[in-house]
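Okay, so here's the structure we're looking at.
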Amino acid sequence: MIKSFIDSSAGGQKLVIKKEVSRGLYSVLGGLLLWEILTRLFLENELLIPPPSSVLRMLWKLGSSGALNEHFLTTLLEFAYGFTFACAFGVILGYFMGMYSWVDEVLDPWIATLYSVPVIAFVPLIIIWFGIGMFSKIVVVFKLTTVAIALNTAAGIKAIEPAWLEVAKSLRLTPWQTTYKIRMPATLPYIITGMRLGVGRALLGVVVAELMAANAGLGYLLRDASETWDSPKLFVTVVLLALLGLVSFMLIKKAEQRLAPWRETAEW
Amino acid sequence: MKGVRRFGSILCGLLVWQIIAAKINDTSLIVSPWVVVAKGYEMLFQTAELYPHLYASSWIFFYGFLLAIILGVPLGFIMALSPLVRDYVNPWMTMLYTTPRIAFAPVILLWFGISGGSKVAIVFLGCIFPILINSYYGMRAVNREFVELARSFRLSRWALFFKILLPASVPFILAGVRLSIGRGLTGVAIAEWFGATEGLGYMIFFAGQTLNIPTLFVGVATFALLGILAFEIIRKIEDYAVPWRKRLQAE
């Protein structure tokens with residue numbers, strides 16, 4: 001009887017999820033259809049809002065000519081490099097901030113100041129210092145992401161159950177083992193949360209930096225399209241950026257659910 | 001001890017900055033902190049050229065922020081109370097939320113032109129999501145027992161909403177408001193960069209392009225102060241509106 005109860009509840013659960021997904025699909029498809037019809041009916045000029053079909057056509061055209069690949073890859077590489085360095089450095093920094101309160105106190109005023117300045121106010125300065133090439137974008141991503149990851153790592157290190165550390169002590173683990181076997185796994189969910197917070201900021205930073213001064217990348221494409229009043233191209237860029245944001249967000253969310261299944265992860 | 005370390009850290013940091021600036025010795029790359037302070041003093045009290053920028057930015061921020069609260073809170077509530085609305089709005093919202101906001105700036109500019117409206121819209125777009133999402137979670141996280149209590153007192157729907165659901169979700173909403181300050185300020189900087197003639201964002205970008213490092217630093221510092229100020233104001237409101245939060249933290 002219990003088994004059948006579980007089965008039926010599982011089935012019910014599935015049904016609810018399905019309904020959610022189908023409603024979402026309806027919403028997206030309906031919205032796109034409405035957009036297409038309205039723009040075709042009421043707008044003679046594609047300048048303000050191009051219909052989805054012409055955005056798609058533009059995407060195909062740019063994609064098949066290979067012009068898009070270069071820009072997309074440039075942005076992706078800048079993002080990936082900056083993010084990887086930021087994760088490595090942020091975790092180490094956060095570890096020491098969590099372990100030794102004096103490190104935390106010494107760094108705190110500077111981190112608080114850096115954190116409260118709008119992310120993009122530093123971009124002009126970084127471009128002046130590091131040039132308009134790829135390196136300055138990597139620095140921007142690094143700067144924007146490190147703080148979020150370090151703060152979360154420090155919070156995770158501080159929040160470790162004292163009982164676990166006592167177990168480590170009574171098992172006579174070496175400090176290295178304690179760090180590796182207890183502190184790191186326990187802090188992992190916090191690190192992932194920091195990464196989730198960092199992803200959005202990092203993408204914003206890349207695009208802002210590319211918009212300001214670059215010779216390749218999606219931000220450059222955005223600027224190019226808006227300066228030549230090429231609306232379909234502009235929308236293609238927006239769609240690609242949306243995709244990039246969505247995919248990276250989903251990946252991190254999946255990782256968060258796997259590494260910290262006991263925590264209720266945010267829907268957004 | 002803690003205060004001493006903080007103070008020492010700030011002092012050491014400034015000293016390092018000073019030494020680096022003296023070593024590089026190129027005012028188009030970096031200037032010493034004292035030059036920045038002097039420039040700030042000059043812009044505040046002698047030429048008074050900071051005020052128009054500050055004024056323009058503050059209003060854009062204020063309008064966008066207010067609009068985000070006015071629209072975001074009810075929308076979050078509606079999504080929490082009606083799964084139907086939530087499911088239909090969800091995919092669009094996720095897309096809008098995860099896309100880097102700057103991508104929308106040229107589009108908004110295309111629609112609204114170079115006016116105050118497009119700037120407010122950019123700030124609004126930055127601010128609304130944390131507020132909306134937190135209102136949603138606030139309403140969802142209301143304790144079941146409170147609702148059951150209201151049922152047994154036979155509260156009407158309105159009374160249930162205004163006496164139970166709304167007060168219980170206020171802490172969440174305020175947390176969302178606090179989160180959106182930083183995003184709103186970023187929005188101001190983005191908005192003023194496209195076709196503005198005044199404002200802190202304009203000041204920073206113009207200074208960056210003319211290699212006027214002292215002005216650039218003054219702009220960045222002003223942004224930081226604005227952020228800290230707004231943050232503290234919301235903190236005070238939180239202490240006033242949600243007094244039990246502070247008590248919990250103290251315990």
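Distance from the alpha carbon centroid of region A:19-98 to that of region A:195-268 works out to 7 angstrom.
Using only alpha carbon pairs under 8 Å that are at least six residues apart, calculate the relative contact order of chain A and give it in whole percent. All intermediate terms of the calculation are to be shown ahead of the outcome.
Values: 266 pairs, mean separation 63.0, N = 268.
So the answer I get is 24 percent.
Per atom type, region B:11-164 shows carbon and sulfur on 70% of its accessible surface, probed at 1.4 Å.
Once the Cα-Cα distance is subtracted from the 0.36 nm per residue extended length, the B:Arg151 to B:Val170 segment shows a gain of 4.7 nm. Across region A:139-156, rounded Karplus estimates of 3J(HN,Hα) from the backbone phi angles (6.51 cos²θ - 1.76 cosθ + 1.60, θ = phi - 60°) give 5, 4, 4, 4, 5, 6, 8, 3, 4, 4, 5, 5, 4, 5, 4, 4, 4, x Hz, Gly and Pro being marked x.
Would you work out the charge dipole size for the protein assembly as shown about its Cα centre, treating the Cβ of every Lys and Arg as +1 and the Cβ of every Asp and Glu as -1, and quote it to the nearest 20 debye? Intermediate values should be presented prior to the final figure.
On the way: 44 positive and 31 negative charges, 356 e Å.
Rounded to the nearest 20 debye, it is 1720 debye.
Ranked from largest to smallest solvent-accessible area, with a 1.4 Å probe on the protein heavy atoms, A:Ser27, A:Ser22 come out as A:Ser22, A:Ser27.
Which shape class, rounded, prolate or oblate, goes with the protein assembly as shown when its Cα gyration tensor gives a ≥ b ≥ c as root eigenvalues, a/c under 1.5 marks rounded, and past that a/b bigger than b/c marks prolate? Working shown, then result.
Working: a/c = 1.43, a/b = 1.08, b/c = 1.32.
Rounded.
To the nearest 10 degrees, how steep is helix A:231-259 against the longest Cα principal axis of chain A, on a 0 to 90 scale? The angle comes out near 20 degrees.
Dipole orientation for region B:1-114: of the candidates B:Ile114, B:Val35, B:Cys12, B:Cys12 has the Cα lying most toward the positive pole (charges on Cβ; Lys, Arg +1; Asp, Glu -1). The angle separating the long axis of helix B:50-81 from the principal Cα axis of greatest extent in chain B is about 20 degrees. Since only A:Ser22, B:Phe205, A:Ala225 are under comparison, the one whose Cα sits farthest along the positive direction of the charge dipole of the protein assembly as shown, derived from C-beta charges on Lys, Arg, Asp and Glu, is A:Ser22. Rounded to the nearest angstrom and listed largest first, the equivalent-ellipsoid semi-axes of region A:31-84 from its Cα gyration tensor are 31, 14, 9. Extension gain for B:Ile70 to B:Leu15 (0.36 nm times residue separation, less C-alpha to C-alpha distance): 15.2 nm. The contact residues of region B:1-46, meaning those that lose at least 30 Å² of 1.4 Å-probe accessible area when all protein chains sit together rather than their chain alone, are B:Lys2, B:Arg5, B:Arg6, B:Ser9, B:Ile10, B:Leu29.
Could you sort A:228-234, B:177-183, A:189-195 so that the peptide with the highest average Cβ count within 10 Å comes first and the rest follow in order? Let's see the in-between values first.
On the way: A:228-234: 18.6, B:177-183: 22.3, A:189-195: 23.9.
Per-residue mean Cβ counts within 10 Å order the peptides as A:189-195, B:177-183, A:228-234.
Spin-label pair A:Ser65-B:Thr27: with each label point 7 Å from Cα along the Cα-Cβ axis, the two points sit 4.7 nm from one another. Here the gap between B:Trp158 and B:Ile78, fully extended at 0.36 nm per residue and compared with their Cα-Cα distance, gives a gain of 27.4 nm. Between B:Met95 and A:Tyr180, the modelled label-to-label distance comes to 4.8 nm, taking each label 7 Å out from Cα in the direction of the beta carbon.
Counting only alpha carbon atoms, the long axis of helix B:213-241 and the longest principal axis of chain B meet at about 30°.
If only the Cβ of Lys and Arg carry +1 and only the Cβ of Asp and Glu carry -1, the dipole of chain A around its Cα centre is close to 900 debye. Compactness ratio for chain B: Cα radius of gyration over 2.2 N^0.38 Å (N = residue count) comes to 1.25. Considering lysine pairs in chain B that are 8 or more places apart or on different chains, how many have Cα atoms under 25 Å apart? Value for chain B: 6. Interface residues of region B:170-194, defined as those losing at least 50 Å² of solvent-accessible heavy-atom surface relative to the isolated chain (probe radius 1.4 Å), are listed as B:Thr186, B:Trp193. Computed with a 1.4 Å probe over protein heavy atoms only, the accessible surface of the protein assembly as shown comes to 54 Å² per residue.
Each principal axis of chain A carries a Cα extent, and these read 76, 68, 31 Å when sorted largest first.
Per-residue Cβ counts within 10 Å, from other chains only, averaged over B:63-75: what number is that?
Working: counts 0, 0, 0, 0, 0, 0, 0, 0, 0, 0, 0, 0, 0.
Average neighbour count from other chains, rounded to a whole number: 0.
Pairing chains B and A buries close to 4800 square angstrom of accessible surface in total, based on protein heavy atoms and a 1.4 angstrom probe.
If you roll a 1.4 angstrom probe over the protein chains with everything in place, what fraction of the accessible area of chain A belongs to carbon and sulfur, to the nearest %? Don't jump to the answer; show the numbers that get you there.
On the way: 10200 of 14550 Å².
For chain A, the apolar C and S fraction of the accessible surface comes to 70 percent.
Buried on complex formation within region A:79-117 (loss of at least 10 square angstrom of accessible surface versus the isolated chain, 1.4 Å probe, ligands and nucleic acids ignored): A:Trp102, A:Glu105, A:Val106, A:Asp108, A:Pro109, A:Trp110, A:Thr113, A:Ser116, A:Val117. Taking Cα centroids, how far is region B:18-51 from region B:166-244 in Å? Centre-to-centre (Cα) distance: 22 Å.
Spacing of the modelled spin labels on B:Phe7 and A:Phe96, each 7 Å from Cα toward Cβ, amounts to 2.5 nm.
The values are calculated or read from the model by the stated rules, or taken from the named source; none is laboratory data. In this text the structure is predicted, and so the values were computed from the model without any measurement. Neighbour counts are summed over all protein chains in view; Cβ atoms, including those assigned to glycine, are modelled from backbone coordinates with ideal geometry. Quick note on the areas: whole protein, heavy atoms, side chains included, nothing else; ligands and nucleic acids left out. Shrake-Rupley method; radii C 1.70, N 1.55, O 1.52, S 1.80 Å.
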